[in-house]
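Asks: One structure coming up, written as structure tokens, with questions to follow.
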Amino acid sequence: MEKREVLASVKDERLVEKRRKQMIKGAVTLFKEKGFHRTTTREIAKAAGFSIGTLYEYIRTKEDILYLVCDFIYDEVQEKLQKEIEQSDGTLESLKLTIAYFYKVMDDMQDEVLVMYQEVKALTKDALPYVLNKELRMVGMFEKVITKCVENGELSLTEKQISLVSHNIFVQGQMWSFRRWALHKQYTLQEYVELQTQLLIQNVSGSKVH
């Protein structure tokens, strides 16, 4: 699925990237506090450190900013996770390390993840499928790790089971952000990672994990 083009009147690509990163940073803070619909483009411009006129040199609509926010978040998560995925050797230990690393990324980016979880429904119809497809690609990264474990005889799962377990890992990572109002009162990140991983591996392997 092709990336949706966000038009800019500025031709300098490096400057466009720089200004859009400033917009994204400001927008995440505002969307978290006020939500997408109650945030104005003027407020986003101010938070980004430039005028409303300058902002419209790099985007056309407020929906463009939301799209850029979601696209940026998924790219950041995928980039951080890719190296860890590639190093997986098909053992349960490597699967646990991959899960722990993903949860750590979710903790580092919890504001961004919360915004995306809350506001993705406000994306335009042409942008939403692209963003959701990127999420499926990340779930697919976990499918590869778990498939290696199956091929090595570490786990015995069908393709459908591999897919469902991968979705569970992804949602549990996101849950640390969107349920943080409750979870952070009960668990440290390390406790959350250890308990979730223990339950997951125990369920899929049929044995206790220490």
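The values are calculated or read from the model by the stated rules, or taken from the named source; none is laboratory data. Remember, predicted model here, so these are calculated numbers, not experimental data. A quick note on method: Cβ atoms are made from the backbone with ideal geometry, for glycine too, and the neighbour counts reach across all protein chains shown. Side chains are part of the model used for accessible areas, which takes the heavy atoms of the whole protein and leaves out ligands, DNA and RNA. Shrake-Rupley method; radii C 1.70, N 1.55, O 1.52, S 1.80 Å.
Asks: Pairs please, first residue from the stretch 141-155 and without any contact (Cβ under 8 Å) to a residue 24 or more places away in the chain and under 20 Å from Q82 (Cα atoms), second anywhere and part of a helix (DSSP H, G or I) and not hydrophobic (A, V, I, L, M, F, W, C), Cβ atoms under 9 Å, 6+ apart in sequence or on different chains.
Replies: E143/E159; E143/S163; E143/S166; T147/E159
Asks: Looking only at residues that are over 23 Å from the mean Cα position of the chain (by Cα) and of a type in the set (A, V, I, L, M, F, W, C) in the stretch 1-15, which one is surrounded by the most Cβ atoms within 10 Å (Cβ to Cβ)?
Replies: A8
Asks: Okay, next question. Look through I24, I65, I73, I44 and report the one residue that is open to solvent by less than 40 Å² (accessible area, probe 1.4 Å), touching a Leu at 6+ places or on another chain (Cβ under 8 Å), within 20 Å of K134 (Cα to Cα) and aliphatic (A, V, I, L, M).
Replies: Being open to solvent by less than 40 Å² (accessible area, probe 1.4 Å), touching a Leu at 6+ places or on another chain (Cβ under 8 Å), within 20 Å of K134 (Cα to Cα) and aliphatic (A, V, I, L, M) holds for just one of I24, I65, I73, I44, which is I24.
Asks: Just checking, which of L92, L15 is in contact with a Cys (Cβ under 9 Å, 6 or more places away or on another chain) and either closer than 25 Å to F178 by Cβ or not aromatic (F, W, Y) (or both)?
Replies: The match here is L92.
Asks: Pick out the one residue from T158, T197 that is under 22 Å from R137 (Cβ atoms) and β-branched (V, I, T).
Replies: None of the other options fit; the residue is T158.
Asks: In the stretch 49-62, what residues are under 30 Å from L132 (Cβ atoms), open to solvent by 40 Å² or more (accessible area, probe 1.4 Å) and over 24 Å from the mean Cα position of the chain (by Cα)?
Replies: Y56, E57, R60
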